[in-house]
Amino acid sequence: MQEIAPPPSVAASRTAPQGSLRQRLAGGRAALFARFAAGGNASSLLSRHCRLVDTTLADMWRETGLGNAATLVAVGGYGRGELYPHSDVDVLLLLPDNASAATKARLEALVGQFWDVGIEAGHSIRTLDECFALAGRDVTVQTTLIEARYLAGDRRLFRDLEAGTRHHLDPRAFYTAKRLELEQRHTKHQDTPYSLEPNCKESPGGLRDLQVILWIARAAGLGTRWRELAARGVITRSEAAMLAKRERLLKTIRVRLHLLARRREDRLLFDHQTELAHAFGFKATATRRASEQLMQRYYINCRWIIQLNTILMQNIAAQLFPGAAFEARPLNERFHVERDLLAASDPAVFETHPSALLECFRLLQEHADLKGMTAPTLRALWRSRNNMDAAFRRDAANQATFLAILQSPRGLVHELRRMNQWGILGRYIPAFKRIIGQMQHDLFHVYTVDQHILMVVRNVRRFTMLEFAHEYPLCSRLIANFERHWLIYIAALFHDIAKGRGGDHSQLGKLDARAFCRAHRLTREDTGLVEFLVEHHLTMSSVAQKQDLGDPQTIRRFAQVVGNERRLIALYLLTVADIRGTSPKVWNAWKGKLLEDLFRATRRVLSASPADGRAGLDADLQEKQAEALRTLKLYGFSERAHEALWRELDVAYFMRHDAREIAWQTRTLVARMESPDPVVKARHSPIGEGMEVMVWMRDRADLFARICGYFDRAGLSIVEAKVHTTRNGYALDSFVVMEASGDPGGEHGRAEQIEREMPAALTSVAPLRPPGTARLSRLSRHFAIEPAVNLRPDERGQRHILAVTAGDRPGLLYRIALVLGRHGVNLQTAKITTLGERAEDVFLIDGGELASARAVLALETDLLETLRQ
């Protein structure tokens, strides 16, 4: 086999006929694309484009004088007769065994001319033996050959290619290989079509799924069109019509994507979704973008294809692998087992016994050996789904079955996902149907609402499984002793169910959850727990990431919201599962530590008696200090070594730091308190992610800005800052930083680098550098976050709380620090929260003229202008 790369441009040597062909091809394409834009049909465009290129290639072949010396063959999508606007033109240049050197030279010249006339060709030059040998090793090559189509040259050689391809093709082996290929492709795309920027060709439910079916059907001799498969009994006529309809939508989407991007682009990127939605006639409403409506239609289309793909693959396999006769194993009067699949004993069972619509999923949970349902059963299930009406949902037996599914020790997530796939979950919980395929444009969720909900259920479920106890040991211990933990599954199902309706989805979802619990006759206590979890599913993460956990009042207020330890445990479990279910990038060990710190502190408050009051707070501080002293003793420090430093620290310092941090900082500073130079100490965080950095030096007005500037230049992101000024005028500031690139491998050698470089940056007398130019991410540009600044006094009126929301970008915190410095504001603490592309930072500040309304307005205005830059 000989592969030829496209040569450099040879436009200067282009012959007149080539120039004419190029103009004809470009003009023909422009006319085709214009006709489509004016309301044309995608299938018509694909076939007409194919014929246009066929004619061009045939003319080029004729002009080269190759005649019957070789054969020009269309393969791949082009061979199938479908050529998208910017897809490669896949061709095989088929050589006879005795091809001359002159013929090969002419073929090389022809390949160069492809590019000259405007054809981006994917090409190969092979003999018949080379084709068959390669096809035997590579199913992808074999697939291209079964769709080969004659274009020009020696017809006899092409007929030999067709005959040889049929001879070497083993339909069973081909089926097995393509099925494995499909499964691997689905795994690559996380086994879901519901990503926010799916690939309309390669993602599950995309065009490739349909092509796989037709490839296998062609190899098995069952047909090459949906109507031919219906005639052979592989699918019904209505299913064939449905497949053709779903295929037309995908083809239209892919054509429009190519034309919008002006290049080969099969991903429904945010960049194109709005314009694509408008091309389909969707218009924005008060609560939904046009792009969200388009994508919901796309996801529903994919779900149909996945359903029909499942049925088709089973039916084709049944014809290819008939096997020996089998004996059905009865499970009950309604269902039996056929070859590891659940089968309905009567095709009308879902009509005569509607309760079987839920029972079949319960049986799959109970029998671990079952791998799914037979194609006829799935067909009947889908056709009967509308039997799940209000009367069905009110039926006590059906309610008991659904609760049994939730309470099952195995198969919960698999069956909920299967129920969602086949339209059952949305029928049983009507509110769930509304959020199937609904996008979330908050820049940190990467799944549609329904998929996120099922991911949260999956995360809660993993807490109960021993094989995953190492992932989150505290969560596993807590749920093991939590009675009726399936109530958290219900809360997970409803926590985001009201998204997209307008209003507060937590409050609206609470009402839906209440109605469900009452309809299913849950006790008042259990109903109250589910309602509480849905209403407050965002509360714990907000407190942990945005409020000062070192302030006892923060813990007390949160404890009052929670009320009791059972609710606290359930909310903690749901919160961890929820954050982990948004995106793999959102969760990190630092967020986990904040949530665990809040959980443990609140648990202590809830377990204390009301009379403890101040004594309880003092006891906590004393225990924290005692633990720090025990750690110091392990390092060989005397019992009084800490006293000089601790005399300069107030209660606020000990409240905001844990015993581990206090011991580390004390150990570092005992002998260096009077150092004229800054003391900078860095270490890898004990929680496993990020770095802890401590700074000790004489305080100066612009210190925080210089620290932020250094971290920005070093490529480090601050996730938490604790700023403290001692009684003797020193700054004792501590930070948790992570690699801005997100690559934890970048932390190697960072501690030494920070300790070596940072002191000079902090003592510099040079003016602060202006912030650099930072580009917003692609997602932030398309779903812009309007910057928000909220400045209010804290409950004691001693300090102010500054909350800032903006699109995240490099240098954002440095910009904020410069503004605070210009207004003479002192920072006490900072909570830096990044949710995907969204930054939500909270600062505790004092100083300046914050008591003046005019000064506050000036600060807010300056911050907003800075954030909008």
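The values are calculated or read from the model by the stated rules, or taken from the named source; none is laboratory data. Since the model is a prediction, treat every value here as computed from it, not as a measurement. For neighbour counting, all protein chains shown are included, and Cβ atoms are generated from backbone atoms with ideal geometry for every residue, glycine included. Side chains are part of the model used for accessible areas, which takes the heavy atoms of the whole protein and leaves out ligands, DNA and RNA. Shrake-Rupley method; radii C 1.70, N 1.55, O 1.52, S 1.80 Å.
How about Lys510: which lysines have a C-alpha closer than 16 Å to its C-alpha, ignoring those fewer than 8 places off in the same chain? In chain and number order, the partners are Lys499.
Rolled with a 1.4 Å probe across the full set of protein chains, the surface gives Arg604 an accessible area near 130 Å². Each residue was assigned an accessible area with a 1.4 Å probe, and for Ser734 the value is about 20 Å². Pairs over the 28 Å Cα-Cα cut-off, from the set Lys624/Lys681; Lys251/Lys371; Lys371/Lys585: Lys251/Lys371; Lys371/Lys585. Exactly which GluC sites (Glu not before Pro) in segment 447-504 are in a DSSP loop and have at most 13 other Cβ atoms within 10 Å? Passing sites in segment 447-504 are Glu471, Glu483. Contact order for the chain, expressed relative to its length and based on alpha carbon pairs under 8 Å spaced 6+ residues apart, stands at 7 percent.
Evaluating kT/(6 pi eta Rh) at 25 °C and 0.890 mPa s, with the Kirkwood radius of the chain over Cα pairs in the Stokes-Einstein relation, gives 77 µm² s⁻¹. Straight-line cross-link partners of Lys546 among the aspartates and glutamates, defined as a Cα under 15 Å from its Cα and at least 8 positions apart when in the same chain: Glu596, Asp597, Glu720, Asp794, Glu840, Asp841. Against the criterion of solvent-accessible heavy-atom surface with a 1.4 angstrom probe, Arg185, Arg698 sort, most first, into Arg698, Arg185. With n ≥ 4 as the cut-off for DSSP H runs, can you work out [θ] at 222 nm for the chain, using -39500 (n - 2.57) per run divided by the number of residues, rounded to the nearest 500? One gets -17000 deg cm²/dmol as the mean residue ellipticity at 222 nm. Among the trypsin sites (Lys or Arg not before Pro) found in segment 283-326, those both in a DSSP coil and sparsely packed, with 13 or fewer other Cβ atoms within 10 Å of their Cβ, are Lys283.
Taking the C-alpha atoms only, the angle from helix 524-535 to the longest principal axis of the chain is near 80 degrees. Pairwise alpha-carbon distances in segment 423-478 exceed 18 Å for 49% of all pairs. Modelled label positions at Asn98 and Ser345, each set 7 Å beyond Cα in the direction of Cβ, lie 7.2 nm from each other. Only aspartates and glutamates eight or more places from Lys104 in sequence, or on another chain, were considered; those with a Cα closer than 16 Å are Glu3, Glu63, Glu130, Asp154. Are there trypsin sites (Lys or Arg not before Pro) in segment 515-555 that DSSP puts in a loop and that have at most 15 other Cβ atoms within 10 Å, and which ones? Passing both the DSSP loop test and the Cβ count: Arg521.
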